[in-house]
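Below is one structure, written out as structure tokens, with a few remarks after it.
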Amino acid sequence: MDFTIPEEHKQIQALMRRFVRNELMPLETQVEEKGEFPPEIRRPLIKRATELGLRNLSVPEKFGGGGLGLLGQAVVEEEVGWTSPGVSWGVVQGWGWSPPASFCRVATPEQMEKYFYPVLRGEAEECGGFTEPNAGSDAANIQTTAVKRGDSYVINGTKHFITNADRSSFAVITALTDPVKRARGGITHFIVEFGTPGFSLGAYQPMMGRRGTRNYELVLQDCVVPEKNILGDMGGGARRTFAHFAQGRLLLGALFCGTAERALEMAKSYAKRRATFGQPLASRQAVQWMLVDMAVDIHATRMMTHEAAWEGDQGQDIRVKAAMVKLYSAQMVCRAVDNAIQVHGGIGYSRLLPLERMYRDARLFRIGDGTDEIMKMVIARDLLQTE
Ligand SMILES: Cc1cc2nc3c(=O)[nH]c(=O)nc-3n(C[C@H](O)[C@H](O)[C@H](O)COP(=O)(O)OP(=O)(O)OC[C@H]3O[C@@H](n4cnc5c(N)ncnc54)[C@H](O)[C@@H]3O)c2cc1C
């Protein structure tokens, strides 16, 4: 096993660090307070990040992407974790990079021209509509149907909690094309353009954290989508979504390391500055142990992430290890931010520091892209060799 980071990856890592710390972190407070990331500020940043080569890192070079392997992406993604997900979302990061490389690999040349190249160039945005009111963890239980009529499909259903729907020009959604087969060949990906009759934004669904991004329902009512908007093979939607999840979950481990590192740096610095009973907090064993727990946790997470990334780069099946990384890292970052707040005392709980924002944002990490319990199901199935 060789986790040596090649020089070119170190250069992108350094570039990402500067971009995140100089251009994104200063915007966090404004975005948090307003609950939105105004397009006049966001769009130029997306353009700049694209020009610097900080987006589309997972996308193959033949599509103009960075073509980085998983280990390279993990190293860079850790830098992204330093800033708030409300600011980084869509600018440099999209929960495993947007649009997923797996979509570009199966898109037709026409779909690339019309939909994905504009997203890769930073000129348009997209969203992924998979979750439904009755199908979150149980993704195969979707109710949305796509029924063939001539050379089109008529789609009916409702998606919910869809991030970025209000900024997107199209959505990639899942629909049942064979209600009997379901996850085993009956779920298909469709590209649906906003503006298509019968396709609309539903209710706004406000969230606890990740302010700066918004979540909406997507409503499809007798929405007619041409057959050429099927993405990938008919019935291959569930397989592709699960494959994409494995890589996305792994990279979240790196993202969460970055957030936890920031919490640790803040806690270390405060513990050295703050004195109680005549001594700095950093001299107290109780405080030292909280810092030590955080440092060990971060190191363990980074090692797990890099090992699984390396294995993925060698072509090994990393679905179970990615679930382990997602489970461990999401809980790790919640513990780390909680400890950092404890070290800071009252000021940690206040809105004068970013820690309370980090605490709310981190809580999502144990839910999005597969909950803790679903990760445990994946790992248990492998341990017990059950279906
Ligand atoms: C901020 C935010 C952004 C999101 N963005 C998107 C998006 O862009 N696109 C999209 O498609 N979706 C999105 N989602 C949806 C997200 O993926 C789901 O919320 C998540 O997968 C969990 O599904 P659920 O909410 O239906 O919970 P449920 O599946 O109903 O689960 C509820 C609870 O039960 C547990 N549980 C479920 N099944 C089992 C079981 N068999 N055994 C034990 N425990 C179980 C779960 O772990 C959880 O604790 C987003 C969600 C949030 C909160």
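What you get for the range 1-150, charging only the Cβ of Lys and Arg (+1) and of Asp and Glu (-1), is a dipole of about 400 debye around the Cα centre. Principal semi-axes of the equivalent ellipsoid, √(5λ) from the alpha carbon gyration tensor of the chain, are 37, 22, 21 Å from largest down. Taking 0.36 nm per residue of sequence separation and removing the Cα-Cα distance, the residue 18/residue 193 pair yields an extension gain of 59.5 nm.
Candidate cross-link partners of residue 321 among the lysines, defined by an alpha-carbon separation under 25 Å and a same-chain spacing of 8 or more, comprise 10, 376. Go ahead and run the numbers for FRET between residue 265 and residue 285, Cβ-Cβ distance against an R0 of 22 Å, rounding to 0.05. My answer for the efficiency is 0.60. Rounded to whole Å, the principal axis extents of the Cα atoms in the range 238-384 read 59, 26, 26, largest first. Picking from 291, 52, 71, which is most flexible by a Gaussian network model of the chain using Cα springs under 10 Å? Per the Cα network of the chain with a 10 Å cutoff, 52 tops the list.
Per-residue extension of 0.36 nm, minus the Cα-Cα distance of residue 134 and residue 300, leaves a gain of 56.2 nm for this segment.
The trypsin sites (Lys or Arg not before Pro) of the range 243-296 include none that DSSP puts in a loop with a beta carbon having at most 11 other beta carbons within 10 Å.
The alpha-carbon of residue 114 sits under 20 angstrom from the alpha-carbons of these lysines, leaving out residues fewer than 8 places away in its chain: 47, 62, 228. Counted residue by residue at 0.36 nm each, then reduced by the alpha carbon distance between them, the extension gain from residue 108 to residue 184 reaches 25.0 nm.
About its Cα centre, the chain has a charge dipole of approximately 760 debye under the convention of +1 per Lys or Arg Cβ and -1 per Asp or Glu Cβ, with nothing else charged. Cα centroid separation, the range 340-374 to the range 166-192: 33 Å. Taking θ as phi - 60° and the Karplus parameters 6.51, -1.76 and 1.60, the scalar couplings of the range 279-292 work out to 10, x, 4, 4, 7, 8, 4, 4, 6, 4, 5, 5, 5, 5 Hz in sequence order, x denoting glycine and proline. Label separation (residue 239 vs residue 377): 2.1 nm, computed from points 7 Å beyond Cα along the C-beta direction. Just check the range 7-120 against the gyration tensor rule for me: Cα atoms, a ≥ b ≥ c as the square roots of the eigenvalues, rounded for a/c under 1.5, and otherwise prolate or oblate depending on whether a/b exceeds b/c. It is oblate, given that a/c is not under 1.5 and a/b is not larger than b/c. Distant-in-sequence amide contacts of residue 160, defined by a placed amide H-H separation under 5 Å and a gap of 5 or more residues or a different chain, comprise 131, 132, 218. Note that the range 126-231 shows a convex hull volume over its alpha carbon atoms of 94 Å³ per residue. In plain terms, the chain is cut at each of the chymotrypsin sites (Phe, Trp or Tyr not before Pro) found in a DSSP loop with at most 13 other Cβ atoms within 10 Å, and the longest leftover piece is 4-276. The calculated FRET efficiency for the pair residue 349 and residue 277, based on their C-beta separation and a Förster distance of 25 Å, comes to about 0.75. Phi-derived couplings, Karplus 6.51 cos²θ - 1.76 cosθ + 1.60 at θ = phi - 60°, listed residue by residue for the range 252-263: 5, x, 5, 4, 5, 4, x, 5, 5, 4, 4, 4 Hz, with x used for Gly and Pro. What is the angle, in °, between the Cα long axis of helix 7-19 and the longest principal axis of the Cα atoms in the chain? Nearest 10 is fine, range 0 to 90. Relative to the chain, helix 7-19 is tipped by roughly 80 degrees. For the range 185-237, averaging the sequence separation of C-alpha pairs within contact (under 8 Å, six or more residues apart) and dividing by the residue count gives a relative contact order of 54 percent. May I ask you to derive the FRET efficiency for residue 10 and residue 152 from their Cβ-Cβ distance with R0 = 56 Å, giving the value to the nearest 0.05? Calculated value: 0.70.
Summing +1 for each Lys or Arg and -1 for each Asp or Glu, what net charge is found among the other residues whose Cβ lies under 10 Å from the Cβ of residue 280?
Net of charged neighbours comes to +4.
3J(HN,Hα) couplings calculated from phi for the range 121-126 with the Karplus curve 6.51 cos²θ - 1.76 cosθ + 1.60 (θ = phi - 60°) are, in sequence order, 7, x, 9, 9, 10, 9 Hz; Gly and Pro show x.
Projected label points at residue 141 and residue 47, each 7 Å from Cα along the beta carbon direction, are separated by 4.6 nanometres. The value of relative contact order for the chain, using C-alpha pairs under 8 Å at least six residues apart, is 16 percent.
Within the listed set 189, 244, 306, the residue fluctuating most in the Gaussian network model of the chain (springs between alpha-carbon atoms under 10 angstrom) is 244.
Here, each number is a calculation from the coordinates, and none is a lab measurement. The model shown is predicted, which means the values in this text are computed figures rather than measured ones. Methodologically, a virtual Cβ is constructed for each residue, glycine included, from the backbone with ideal geometry; neighbour enumeration extends over all protein chains shown.
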